[in-house]
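The values are calculated or read from the model by the stated rules, or taken from the named source; none is laboratory data. Since this is a predicted model, take the numbers as computed values, not measurements. With ideal geometry, Cβ positions are generated from the backbone for all residues, glycine too; neighbour counts draw on all protein chains shown. These area figures cover heavy atoms from the full protein model, side chains too; ligands, DNA and RNA do not enter into them. Shrake-Rupley method; radii C 1.70, N 1.55, O 1.52, S 1.80 Å.
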Amino acid sequence: MLLSRDYKIIAKENLRGRWKLGVGTGLVAGLLGASIRNNLSFDLTSYGDDAAALSDTEYDTLTLQVQEFLESDLFQSILPALTGILIVLCIYLLIVLVIGGAVTLGYAQFNLNLADDRDPRFSDLFSHINRKWEGFCMQFFRGMMILLWSLLFIIPGIIASYRYAMTPYILAENYDLSMMEAISESKRLMRGNKWKLFTLDVSFIWWILLSNLTFGVASLWVGPYQEAARAAFYREITEQRYSRPHVDTEWTDPYGQ
């Protein structure tokens, strides 16, 4: 049975000589809305506590200050620039919404090609661009199911995120499966494997801490490293690619048995 460190070793071997490609592809994938991993974060108390801490007088004072700023010459002078930024941001979010799912499938394809040593290329990101509707539905329904489980409490939501974690890989290499069939297949594959994937993710905790300490700079390398390890994990639970001994198909039994 492979351990987390084994998948990380495999990932580093697969990325050897391809780090620039991995970093560049991962960066563009993130900018275009690709999201293979489901990261759950909850902050249920901070906003409510801050809001409750404001008295009526403080709230009225803050409202008056905001109103004065909106009517000031400074705000009026920067309003055209803010409007332009808002328009560009809306266009960007629309593009991400439309193609983010398809790019997620493309990024999964890139990492599968990396795991299989099948000449991974930057263009893999757009290899599923014609599946925009499937990609969108995958992201929407997978996210919705995780959110619904999360409403029960944090733990069920985390479990759900691992239950459906393999969906992008399954859908990327199985054109004949529907989105819901891929989600169901991920659920089947992850029976008995959710804890393994969880421990793999936890093993990156120090790398993630390093990313936070470097204000996200280290994540340019940590992200591709983690995705390569996850692709290796997927290959192992579907084909035993790394734990099964190599079989020479040209070997013949000298005894004819």
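Residue by residue, segment 115-121 carries 3J(HN,Hα) couplings of 5, 8, 6, 10, 6, x, 9 Hz when phi is fed to the Karplus relation 6.51 cos²θ - 1.76 cosθ + 1.60 (θ = phi - 60°); x denotes Gly or Pro. Label-to-label distance for Ser203 and Arg121 is 3.2 nm, based on points extended 7 Å past Cα in the beta-carbon direction. Here Leu93 sits with roughly 90 square angstrom of accessible surface, probe radius 1.4 Å.
Taking label points 7 Å from Cα along the Cα-to-Cβ direction, Phe215 and Leu3 give a separation of 3.8 nm. Using 0.36 nm per residue and subtracting the Cα-Cα separation, the extra length available between Ser178 and Cys90 on full extension is 28.7 nm.
Where does each of Lys20, Lys194 land when they are ordered by accessible area, with a 1.4 Å probe and the largest first?
On the way: Lys20 190, Lys194 55 Å².
Largest accessible area first, the residues go Lys20, Lys194.
On full extension, the segment bounded by Ile129 and Leu147 gains 3.9 nm, given 0.36 nm per residue less the C-alpha separation. Would you mind checking segment 109-137 for residues with the amide N under 14 Å from a putative spin-label position 7 Å along Cα→C-beta of Lys20? Of the residues in segment 109-137, 122 have backbone N under 14 Å from the label point off Lys20. How big is the gap, in Å, between the Cα center of segment 144-199 and the Cα center of segment 78-106? Taking the Cα centre of each part, segment 144-199 and segment 78-106 sit 28 Å apart.
Would you rank Phe140, Phe233 by solvent-accessible area, highest first, keeping every protein chain in place and using a 1.4 Å probe? Please list the in-between numbers first.
Values: Phe140 105, Phe233 0 Å².
Result, largest first: Phe140, Phe233.
Does segment 56-198 classify as rounded, prolate or oblate by the C-alpha gyration tensor (a ≥ b ≥ c root eigenvalues; a/c under 1.5 gives rounded; else a/b over b/c gives prolate, otherwise oblate)? Oblate.
With every protein chain left in place, what is the accessible area of Tyr175 in Å² (1.4 Å probe, nearest 10)? About 130 Å², ignoring ligands and nucleic acids. The magnitude of the dipole of segment 168-213, with charges of +1 and -1 set on the Cβ of Lys/Arg and Asp/Glu and taken from the Cα centre, is near 280 debye. Can you bin segment 185-235 into rounded, prolate or oblate? Criterion: square roots of the alpha carbon gyration tensor eigenvalues sorted a ≥ b ≥ c, rounded for a/c under 1.5, prolate for a/b above b/c, oblate for the rest. Judged from the Cα gyration tensor, segment 185-235 comes out prolate (a/c at least 1.5, a/b above b/c).
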